[in-house]
Amino acid sequence: LGSFYGFNVDHGYLEGLVRGLKAGILTRSDYHNLAQCDTLEDMKLHLQSTDYGSLLTAGNEDLTVSLLDNRLKGTILTEFRCLRAHSLPPLSTFLDYITYSYMIDNVVLLITGALKHRDVEELLPRCHPLGTFDQMAAVGIARTHAELYSAILVDTPLAPFFQDAVSEANLDEMGAEIMRNKLYKAYLEAFYAFCWERGGATRDIMCPILEFEADRRSFIITVNSFGTDLSGGDRRALYPSCGRLYPEGLQLLARAEDHEQVKAVAEYYPDYKLIFSDTEDGSSRTLEDRFFEQEVHLNTLAFLDQFHLGVFYSYIKLKEQEARNIVWIAECVTQRQKSKIDNYIPIF
Amino acid sequence: MSGKERIDIFPSRMAQTIMKARLKGAQTGRNLLKKKADALSMRFRQILRKIIETKTLMGEVMREAAFSLAEAKFAAGDFSTTVIQNVNKAQVKVRAKKDNVAGVTLPVFEHYQEGGDSYELTGLARGGEQVSRLKRNYAKAVELLVELASLQTSFVTLDQAIKITNRRVNAIEHVIIPRIERTLSYIITELDEREREEFYRLKKIQEKKKQMRERTEKEIAARQALLGPIAEPSNMLTEETDEDLLFE
């Protein structure tokens, strides 16, 4: 219960900062203006009137979509680093948890690169900057899996995930994707446990978000594994168990063989039933788009409550979604495919 | 241009026959080459039409493929590094075969799949549908590109072959055949002239002989006149009386 009284002592400044930053997230009318643009130059003009200000005017490189993408990611990175630098426990642990998902991607990339004997120096710039850890360069030195695990990965914050999910023996047999998904499952479950332990408003806000994430991954892994070599038993090892589908839904999903059966599983849960039922209307929204929408909705709910850690997580996720939206609009504009330009997910 | 040349050859009847045969050969060759050039041109025009069709289709397909890449990036995040890391062998390969058109070999490329899809699980947790759509679109683009490559190489090869053939046809028509014809007419004129010379010579000899005969006759007549009447030796056969007969 110290959460209520003592929260502002440690985290009040940062919560205020995040709420201020949240006010700068683009609104529907901003997106509408951006979608009307015909060139990237117009978009740059519109972005100058938002909180992004001189994002694109600084420097004199050519204005391309990839430049825009890099600059947007750079802003998220700076904001996150600023928050992390000023934070105290338990917020600092919470923010570290957020970085673990990027770390997992980086580790998988480096491991596959090292196993194919590629130069680590080439891969380092391609890692996600939010997921850097100290031993990254050292991953390239390891020559066998055993070395990799015992010497390097053990010291990273990801070690507990490796222990649960992956043993030394089967590191080499697994493909990169399977390893990534197993690590992510362990990560989600650990994060969920952490939030549950915090209690109070943090638990009330974060746990539904993480449950949704877990279920969403289970659904999407199932749907995407139809027609591939991934069998039901293999799939089950990838389903995170911290969602609402656990345990019965996950069992049913592992046995599902086509889209109809997956939909039948979703029927038992009213939220998911809604998501699955809309995809058959012939609208241009795919299943994934609907999941994105639901995620954004849950994240916006975080700002309605105070004195909890969820605002930080939601802010980062929403900022990322905004970056994706802007890049999508930019791509549509440059490729002159205005028909699908409204496929972005509006946030506020 | 070598306008007034003819082949240097001694003009004779045999040479004339040889030249006639060569003329015939040159004309047949020219007709055959013309037929080859026509066949090649026909194929050339077909290929040109196909290229235009394929290129416009290519524009559409590439545009769609690039857009599906943007969609996949929106749904699945940045998977480019994962894809690059997992590259080991090519899945789609190209074979070259030969096609023959009127004696000209044209290369034809066809693509074939080898090995399974090593990117089956990319985007497993996010954006898998967009990634598989992306793969399909780019596979279509690659097929079109291979076809376009065959068409373009055939185009270039055929173009060269047509130029060479036409050059040969023109060379035969405007250089070889006139040269042979000129040689032939030269031979014929030489032969005619030789005949005329022969004829003239004969005539001249006859005249000379006649003149000589007249001259000798005149001389005899003159000599006879000088000698007076010459008793002709008696002709035994025309004698009426024979002296040697004692008793008559």
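All of the numbers you see were taken from the coordinates with simple rules; none came from a lab. The model shown is predicted, which means the values in this text are computed figures rather than measured ones. When we count neighbours, we look across all protein chains shown, and the Cβ atoms used for this are built from the backbone with ideal geometry, even at glycine.
A few comments on the model shown:
- Take each residue in B:116-128, count the other chain C-beta atoms within 10 Å of its C-beta, and the mean is 6.
- Computed from the Cα positions only, the extents of the range B:119-160 along the three principal axes stand at 54, 13, 7 Å, in decreasing order.
- Length gained on full extension, residue B:86 to residue B:110, computed as 0.36 nm times the residue gap minus the Cα-Cα distance: 6.1 nm.
- Volume per residue of the convex hull around the Cα atoms, evaluated for the range B:1-105, comes out as 233 Å³.
- The range A:1-159 - Debye-derived log10 I(q)/I(0), Cα point model, q = 0.16, 0.19 Å⁻¹: -1.02, -1.13
- At full extension, residue B:166 and residue B:188 could sit 4.7 nm farther apart than now, given 0.36 nm per residue minus the alpha carbon distance.
- Chain B: most fluctuating residue of B:162, B:18, B:172 per GNM, C-alpha cutoff 10 Å: B:18
- Separation of the residue A:60 and residue A:190 label points, Cα + 7 Å toward Cβ, nm: 4.8 nm
- For the listed residue pairs B:20/B:163; A:182/A:319; A:22/A:338; B:73/B:135; A:273/A:340, the alpha carbons are over 20 angstrom apart in B:20/B:163; A:182/A:319; A:22/A:338; A:273/A:340.
- Pairwise Cα distances in the range A:291-348 exceed 13 Å for 61 percent of all pairs.
- For chain B, the longest site-free run once trypsin sites (Lys or Arg not before Pro) in DSSP loop states with at most 10 other Cβ atoms within 10 Å are removed: B:90-248
- Kirkwood hydrodynamic radius (C-alpha pairs) into Stokes-Einstein, chain B, 25 °C and 0.890 mPa s, D in µm²/s: 86 µm²/s
- Centroid-to-centroid separation of the range B:206-246 and the range A:179-245 [C-alpha atoms, Å]: 157 Å
- Counted over all Cα-Cα pairs of chain A, pairs farther apart than 28 Å make up 51 percent.
- Radius, Kirkwood style, for the range A:225-348 when every pair of distinct Cα atoms is counted (Å): 17.0 Å
- Taking each DSSP H run with n ≥ 4 as -39500 (n - 2.57) and averaging over every residue of chain B yields -24500 deg cm²/dmol at 222 nm.
- Simple spin-label estimate for residue B:60 and residue B:24 in nanometres, 7 Å along Cα-Cβ: 5.8 nm
- Extension gain for residue A:305 to residue A:19 (0.36 nm times residue separation, less C-alpha to C-alpha distance): 101.8 nm.
- In this simple spin-label model, placing a label point 7 Å from the Cα along the Cα-to-Cβ direction at both residue A:5 and residue B:246 gives a separation of 21.5 nm.
- Coordinate range along principal axes, alpha carbons of the protein assembly as shown, Å, largest first: 205, 54, 51
- Label zone at residue A:297, where the point sits 7 Å out along the Cα-to-Cβ direction: the range A:332-348 residues whose backbone N lies under 17 Å: A:344-348
- Residues listed by number, the range B:148-187, amide nitrogen under 14 Å from residue B:41 label point at 7 Å toward C-beta: B:159, B:162-170
- FRET efficiency for residue A:268 and residue A:197, using Cβ-Cβ distance with R0 set to 30 Å, rounded to 0.05: 0.55
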